[in-house]
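Reading through the C-alpha cells given below for one structure.
Where a number appears in this text, it was derived from the coordinates with a stated rule and is not lab data. Everything quoted here is computed from the prediction, not taken from an experiment. Here the Cβ is made from the backbone with ideal geometry for all residues, glycine too, and neighbour counts use every protein chain on show.
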Amino acid sequence: MDIFHRNSRISLLALSCILVGGLSAYGIAYSAEEKPVEAHNAQPVTDCFESRIGYSSVTRVENAVPEYGYPNVKCSQTTGGVLWWADPFVGTVPMGEMPKIGDITHGDFSNAVVRPREPLLTYFNLGPNGCKTCHDGKIVPTPKNKKPRLISMHQDIVNNSLELMHGRGAIWCLDCHSATNRNHLVDREGNEFSFNQPQKLCGSCHGENYIDWRAGVHGKRIGSWVKGGKKRWWVCTECHNPHTVQVNRFNPLKPEPPPALPRGMKNANYERTDEGKH
Ligand code: HEC
Ligand code: HEC
Ligand code: HEC
Ligand code: HEC
C-alpha cells in the first residue's frame, strides 16, 4: 500500500492543512522535525515554541486581540522562544485526575489545564480515527507480542526501532503504546491513558520525577498559585521527546541579548566608566 511508503514531508503538509482547518482559532502549529531557529534570519520568526523546538509550537497570528490590536504571541527573534502570550490558556483543556503518588498539593487540580497533544501529532491526524486509521487490526495487524522487531514505518519518529533511544534497551514501543488500542498510551499494568496525559505514563516508571513535577519543582507551570486557581501545566512530552531521551537531551535556551543602553551611556559596566566617577 503506498500509504506506508509516503514521504514524511507529505504527512507534514497534510498535517498543516488539518491544523489550518482545525486549530486556526488557537494559532497552533506543529512539526515533527526540529528546525533550529537561525540567528540572523531575514524573515521575522513567527513560529515560536513554548518549551522545546518542534514539540510545543505556536504560530503568531496578527490582531488576535482586536480590541487592542495585539498578536496572540510574541516570539524571540534570536531563540524562537515565546516571550509573551496574549492568553496562555488558549486551546487548553482540563488536565484531568492525577494519580495521587506523593501528593503534597492535596488534590488542588480542579483548575489545572494542559495543552492537548493529540492535535499536534502527525500520525494521529492522518485520518479520521487517529492511529487506528491504520492500526485497526486489519490494515496493520495487531502485533503478536511485545518483542522488539525492525519495523518498516515511522522512521521519521524512531529511526531504527531496534535501537530505541529510551531505556537503554530495557523498553520497547509496546511498553508505552497499546498493542490493541493504538490511540492510547499504556503502562506496564495495562492502564490506558490519552496522549493528552502523558505524565501518567511517564510517572509509572519515573516516579521521582513525577512527584517533583506534581510538587512544582520539575517542569513548568504558569497561572495562579492561589488554592483552586487556574494553572497551566506543561506535560512531560512538551519538553522530552519520548523516543530520543538519551541522545537528544533538553536543549537549553540561549539567553536573550541585553536591552539597548540608555542614551548617552556607552558602557553597561557603569561603575567603571568615567561618568560614574566623582
Ligand atoms: C499511515 C498508517 C499508519 C498510521 C496512521 C499509524 N501507523 Fe503505526 N505503523 C504503521 C505500520 C504499517 C506499522 C508496522 C510496520 C511493520 O510491521 O514493519 C506500524 C507500526 C507501529 C508501531 C510498532 C508496533 C506495531 O504495532 O507494529 C508503533 C508503536 C506504532 N506504529 C505507533 C503508532 C502511533 C502511536 C500512531 C498514531 C499516533 C500510529 N502508529 C499511526 C502504520 C501507521
Ligand atoms: C517511553 C514511552 C514510549 C516508547 C518506548 C515509545 N513511544 Fe512512541 N510515543 C510516546 C508518547 C508519549 C508519544 C506522544 C508524544 C508527544 O506528545 O509529543 C508517542 C508518539 C508516537 C508516535 C506519533 C508521533 C507523531 O508525531 O505522530 C509514533 C508514530 C510513535 N510514538 C511510534 C513509536 C514507535 C515505533 C516506538 C518503538 C520503536 C515507540 N513509539 C516507542 C511514548 C513512547
Ligand atoms: C516502561 C518504563 C518507562 C516509561 C513508561 C518511561 N520511561 Fe523514561 N526511562 C526508562 C528507563 C529504564 C530509562 C533509562 C534510565 C537510566 O539509564 O538510568 C529512561 C530514561 C529516561 C530519560 C533520560 C534520563 C537520563 O538521565 O538520561 C528521560 C528524560 C526519560 N526517560 C523521560 C521519560 C518520559 C518523558 C516518559 C513519558 C513519555 C518516560 N520517560 C516514560 C523507563 C521508562
Ligand atoms: C518545562 C520542561 C520540562 C517538563 C514539563 C518536564 N521536564 Fe523532565 N527535565 C527537564 C530538564 C530541563 C531536565 C534536565 C536534564 C536534561 O538536560 O535533559 C529534565 C530532566 C529529566 C529526567 C532526567 C533525570 C533527572 O532527574 O535529571 C527525567 C527522567 C525527566 N526529566 C522526566 C520528566 C517527567 C517524567 C516529566 C513529566 C512528569 C518531565 N520530566 C517534565 C525539563 C522538563
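Convert each backbone phi in region 162-177 into a coupling constant with the Karplus relation 6.51 cos²θ - 1.76 cosθ + 1.60 (shift: θ = phi - 60°), then list the ³J(HN,Hα) values in order as whole Hz, x for Gly and Pro.
8, 10, 4, 8, 8, x, 6, x, 7, 10, 9, 2, 7, 7, 10, 9
Between ALA215 and TYR70, 0.36 nm times their residue separation minus their Cα-Cα distance comes to what?
On the way: separation 145, 0.36 × 145 = 52.20 nm, distance 3.39 nm.
Stretched fully, the ALA215-TYR70 segment lengthens by 48.8 nm.
Could you tell me how far the Cα centroid of region 54-94 sits from the Cα centroid of region 173-208, in Å?
Measuring centre to centre over Cα atoms gives 30 Å.
Please list the non-local residues whose amide H lies under 5 Å from the amide H of GLY81, H modeled 1.01 Å from N, same-chain partners needing a gap of 5 or more.
Under 5 Å from the amide H of GLY81: PHE49, SER76.
What are the ³J(HN,Hα) couplings of region 202-215, residue after residue, when phi is run through the Karplus curve with 6.51, -1.76, 1.60 and θ = phi - 60°? Round to Hz, x for glycine and proline.
Result, rounded to whole Hz: 4, x, 5, 10, 9, x, 5, 5, 5, 4, 4, 4, 4, 6.
Give the relative contact order (percent, whole number) for region 184-241; include only Cα pairs under 8 Å separated by 6+ residues.
Details: 52 pairs, mean separation 13.7, N = 58.
24 percent.
Relative contact order of region 112-212, please, whole-number percent, based on alpha carbon pairs below 8 angstrom and at least 6 residues apart.
Over region 112-212, the number comes to 21 percent.
Each label point is 7 Å from the Cα along the Cα-to-Cβ direction; what then is the distance between the points at GLU163 and THR180, in nm?
It works out to 3.5 nm between the two label points.
Going down the table (LYS147/LYS200; LYS132/LYS230; LYS74/LYS132; LYS138/LYS200; LYS132/LYS231; LYS74/LYS220), which pairs top 25 Å between alpha carbons?
Values: LYS147/LYS200 23 Å; LYS132/LYS230 34 Å; LYS74/LYS132 37 Å; LYS138/LYS200 29 Å; LYS132/LYS231 32 Å; LYS74/LYS220 19 Å.
Violating the 25 Å limit, Cα to Cα: LYS132/LYS230; LYS74/LYS132; LYS138/LYS200; LYS132/LYS231.
Taking the highest mean first, how do the peptides 162-171, 113-122, 189-198 order by number of other beta carbon atoms within 10 angstrom per residue?
Values: 162-171: 13.8, 113-122: 19.4, 189-198: 16.1.
Order by mean packing, descending: 113-122, 189-198, 162-171.
Long-range amide H contacts for HIS177: which residues qualify at under 5 Å (H placed 1.01 Å from N, peptide plane, sequence gap of 5 or more or a different chain)?
Distant-sequence amide H within range of HIS177: VAL186.
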